[in-house]
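Each value in this text was obtained by applying a stated rule to the coordinates, not by laboratory testing. Worth saying up front: this structure is predicted, and the values here are computed from it rather than measured. Ideal geometry is used to build each Cβ from the backbone, glycine not excepted, and the neighbour counts take in all protein chains shown.
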Amino acid sequence: MRTPIIAGNWKMHKTLEESLELVKGLKDEVSKAKCQVVVCPTFLSLAAVVQELKGTNIDVGAQNMHFEDQGAYTGEISPVMLKHLGVKYVIIGHSERRQYFAETDDMVNKKVLAAYKHGLIPIVCVGETLNERESNSTFEIIGNQIKKGLANLTSEQIEELIVAYEPIWAIGTGKTATAQDANSVIKYIRDKVAQMYGKESAEKMRIQYGGSVKPSTIKEQMAQSDIDGALVGGASLKVDEFAAIVNF
Ligand SMILES: O=C(CO)COP(=O)(O)O
């Protein structure tokens, strides 16, 4: 049995004060959640949010990081820095990073390896554009992202890793993939990983769905055979909505 994991990706939202207000509100509301709960604030709020959530059932993740330990990379944050803060997860290869900051599968792979080097658990995002979906290349695109992004890992690392399947056309648009469609792509991801690392490890790996997840969509999504959680954007910015999702 895979324990469900639901994470909030706050993207570039919330000042430090607003971040603290959100997690203070969330603490009690999600204390009885049956899934693992993660929030991913901006870098500037990470330290304070980690402190505020000590002793609660909410873990903290970062939204990105560099793959080097340190160096002349102006404006970047390293895995060492995240680990020292008490951050547990890191989102890698979000489609917005790929689209606006030119992240490639090769960089994604370097970041995944760097995350493990420093004891962080990666949440690796994959997903197809609307064009790719309409030209029937979803499986090919996702297959390549998985093959390249998850190269050179051990089966133990795969068992800990989290993949987030986020169809790009469903992000922030209010359109969700049907739960059945999402489940079939997620099953494909699991098969692909099974080819690379064996069925046993692939069965342990958790795969989230992301893209306009709301309180009204989560139940059906979580009822699917292979969907093990959600990566939530917009709806993770409000206490009542994120709490309703997590307590699905
Ligand atoms: O990109 C997402 C989470 O990483 C999804 O965002 P929305 O839930 O706002 O569509």
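Are any residues in the range 168-206 surrounded by 15 or more Cβ atoms within 10 Å (Cβ to Cβ) and assigned to a loop (DSSP other than H, G, I, E, B), and if so, which ones?
Across the range 168-206, the qualifying residues are 171, 176, 177, 205.
Can you tell me how many residues within the range 210-248 are in contact with a Leu (Cβ under 6 Å, 6 or more places away or on another chain) and either more than 22 Å from residue 27 (Cα to Cα) or without any contact (Cβ under 8 Å) to a residue 24 or more places away in the chain (or both)?
1
Please pick out the residue among 171, 142 that is within 15 Å of the chain's Cα centre (by Cα), more than 30 Å from residue 70 (Cα to Cα), among the aliphatic types (A, V, I, L, M) and within 16 Å of the ligand (Cβ to nearest atom).
Of the residues listed, the single one that is within 15 Å of the chain's Cα centre (by Cα), more than 30 Å from residue 70 (Cα to Cα), among the aliphatic types (A, V, I, L, M) and within 16 Å of the ligand (Cβ to nearest atom) is 171.
Can you confirm whether residue 242 is assigned to a loop (DSSP other than H, G, I, E, B), aromatic (Phe, Trp, Tyr) and at negative phi? Outline the logic, then answer.
Numbers: assigned to a loop (DSSP other than H, G, I, E, B): no; aromatic (Phe, Trp, Tyr): yes; at negative phi: yes.
Considered against the rule, which asks whether it is assigned to a loop (DSSP other than H, G, I, E, B), aromatic (Phe, Trp, Tyr) and at negative phi, residue 242 comes out as no.
Taking residue 209 and the conditions (1) buried (at least 20 other Cβ atoms within 10 Å of the Cβ); (2) hydroxyl-bearing (Ser, Thr, Tyr); (3) outside any strand (DSSP E or B), which numbered condition does it fall short on, given that it satisfies the others?
(3)
Would you say residue 230 is within 16 Å of the ligand (Cβ to nearest atom), surrounded by 15 or more Cβ atoms within 10 Å (Cβ to Cβ) and outside any loop (DSSP other than H, G, I, E, B)?
yes
Restricting the search to the range 92-143, which residues are β-branched (Val, Ile, Thr) and surrounded by fewer than 23 Cβ atoms within 10 Å (Cβ to Cβ)?
104, 121, 129, 138, 141, 142
Of the numbered conditions (1) assigned to a helix (DSSP H, G or I); (2) surrounded by fewer than 20 Cβ atoms within 10 Å (Cβ to Cβ); (3) within 15 Å of the ligand (Cβ to nearest atom), residue 159 satisfies every one except a single condition; which is it?
(3)
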